[in-house]
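Okay, so here's the structure we're looking at.
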Amino acid sequence: MKLHITPGSPYARMARIVVLEKGLADKVEVVLAKTRTPESPYYAVNPSGRVPFLEFGDGTGFEDSPLICHYLDALGGKPALHPANGPEGLEMRRIEAMARSLLDGLSVWGREIIYRPEPMRSQPILAHEAARALRMAEAFERELSNPVLAGPLNIAQITLGCALDGPNAPKLCGQEWRSARPKLAAWTEKIAARPSFMATKPPPPKAH
């Protein structure tokens, strides 16, 4: 299998972390994709041009990080990163959905900063996502006693870790957040120190 990624994508990073945590590096080749480039050869692999994309030997594949992470996790081995059915599974999915909301908002903010020259940036979008990021950080400060976040590594933790240890870290949408949320800051430092997170740390963003 080939996992097509870009180094700065937090969604691709999630899949890369699952590959490492599940011990699948000998089965999954990580390939750099050229995105946002006219006539990129990657578009013949994945017409949408998005990453990550997990390509199989017959040329078919999976797009979308939740689908890819679920498939890789289901290949077997430990740790099991996705929840079983039942109340505990629903709780993990709730936390994962919260983490994805934070990650999605940070990605919107980052695209405005990275891909738009300053005069063309939408100030309402930037302000909206900045406010959302701090609200979500405050919510996660209160959630840290939840077994989903306090227990063994799982997909909800990976999603949240990729948001808080992202390319704009240690800030959220340009805002300092750690001093007022010491528990969440300590949690982020701990998960960011895992070898899988260290090996996939994104490069600093390049703004116009």
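We did not get these values from a lab; they are worked out from the coordinates using the rules stated. Here the structure is a predicted model, which means the values were calculated and not measured. Because the Cβ atoms are built from the backbone with ideal geometry, glycine has one as well, and the counts that use them run over all protein chains shown.
Before moving on, here are some points about what is shown:
- Whether the chain is rounded, prolate or oblate, judged on the alpha carbon gyration tensor where a/c under 1.5 counts as rounded: oblate
- Cleavage-rule hits (GluC sites (Glu not before Pro)) in segment 17-77: DSSP loop, at most 14 neighbouring Cβ within 10 angstrom: Glu39
- Rg over Rh, two decimals, segment 1-62 (C-alpha only, Kirkwood Rh): 0.96
- Put simply, the convex hull of the Cα atoms in segment 56-173 casts, on average, a shadow of 9.6 nm².
- Cα-based Lys pair tally, the chain, threshold under 17 Å, eight or more apart or on separate chains: 11
- Here segment 38-104 and segment 136-208 have alpha carbon centers that stand 19 Å from each other.
- Most fluctuating residue given options Val51, Val19, Val108, as computed from a GNM of the chain linking Cα atoms under 10 Å: Val108
- Ordering Asp58, Asp165, Asp104, Asp73 by the number of other Cβ atoms within 10 Å of each residue's own Cβ, fewest first, gives Asp58, Asp104, Asp73, Asp165.
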